[in-house]
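This report refers to the structure that appears directly beneath it.
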Amino acid sequence: GAGVSQSPSNKVTEKGKDVELRCDPISGHTALYWYRQSLGQGLEFLIYFQGNSAPDKSGLPSDRFSAERTGGSVSTLTIQRTQQEDSAVYLCASSLTNTEAFFGQGTRLTVV
Amino acid sequence: AQSVTQLDSQVPVFEEAPVELRCNYSSSVSVYLFWYVQYPNQGLQLLLKYLSGSTLVKGINGFEAEFNKSQTSFHLRKPSVHISDTAEYFCAVSLQGAQKLVFGQGTRLTINP
């Protein structure tokens, strides 16, 4: 597709389970970002990949969160031992330059 | 590190009235500035951006923003709003030469008939 694709669109999981969220960036975009959007909290930066450089993981809230980007394209955000405070919308974005980022529709994660 | 402050969490206005959504940033170096809009249950869409040049930037849907370096502001304006403008608006900044976008907390714009 032409845009950033995220899957699943919705995910309900039990507390303590692991979840994987997927992001397919726009083809050719070298940069990929993950953000978390919680109610009333704005957009919280999680992690940023740029080409083959080491990712900027400064926004990951705990060691339960990790992300990888295989082959410079698809990215997976993994949350281990989910907790209720992890409930949020997780947004992925990609860009070719630092002048515009394109966002996916997000994955709404609910931890029950 | 750079940061962004959106001064109003909610702004209610009547249809066809003008609106201004305020955004201030802090950075010790030159920045790029952005406004994104998020319609209900959708992702973020770029409204406009300031990279360099003219400080008055025009975007989609009749919105414009003015970069004021001395006041470190990038307020978003529209002279006459429509019901369809009801959405959440996010101001964002990135350092020139870097790509990490830092967002404000968002402003929920509600248009009343």
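What to note about this one:
- With a cut-off of 18 Å on the backbone N, the residues of the stretch A:1-37 near the modelled label site 7 Å out from A:Q80 along Cα-Cβ are A:14-21.
- Pairs from A:K15/A:K57; A:K57/B:K100; B:K49/B:K78 whose Cα-Cα separation, in the structure shown, is over 18 Å: A:K15/A:K57
- Between A:S62 and B:T5, the FRET efficiency estimated from the beta carbon spacing at R0 = 25 angstrom works out to 0.45.
- Summing Lys and Arg as +1 and Asp and Glu as -1 over all other residues whose Cβ lies under 13 Å from the Cβ of B:L48 gives a net charge of +1.
- Computed Rg/Rh of the stretch A:1-79, alpha carbon atoms with Kirkwood Rh: 0.95
- Within the protein assembly as shown, all pairs of alpha-carbon atoms sorted by distance into 5 Å bins from zero give the percentages 1, 7, 15, 18, 18, 16, 12, 7, 3, 1, 0.
- Principal semi-axes of the equivalent ellipsoid, √(5λ) from the alpha carbon gyration tensor of the stretch B:73-113, are 27, 11, 7 Å from largest down.
- Using the Cβ-Cβ distance between B:S80 and B:V29 with R0 set to 45 Å, the FRET efficiency works out to roughly 0.80.
- Ratio Rg/Rh, restricted to chain B and using Cα atoms, in which Rh is the Kirkwood radius: 0.96
- Of interest is the spacing of the C-alpha centroids, which for the stretch A:60-108 and the stretch B:9-24 amounts to 31 Å.
- Listing B:H75, B:H82 from fewest to most neighbouring C-beta atoms within 10 Å gives B:H82, B:H75.
- Relative contact order of the stretch B:2-113, taken over Cα pairs closer than 8 Å and 6 or more residues apart, is 38 percent.
- The relative contact order of the stretch B:1-55 comes to 29 percent, based on Cα pairs under 8 Å that sit 6 or more residues apart.
Every number here is computed from the coordinates shown, using simple stated rules; none is lab data. Predicted model, so just to flag it, every value in this text is computed and none were measured. In this analysis, Cβ positions are derived from the backbone assuming ideal geometry, glycine residues included, and neighbour counts consider all displayed protein chains.
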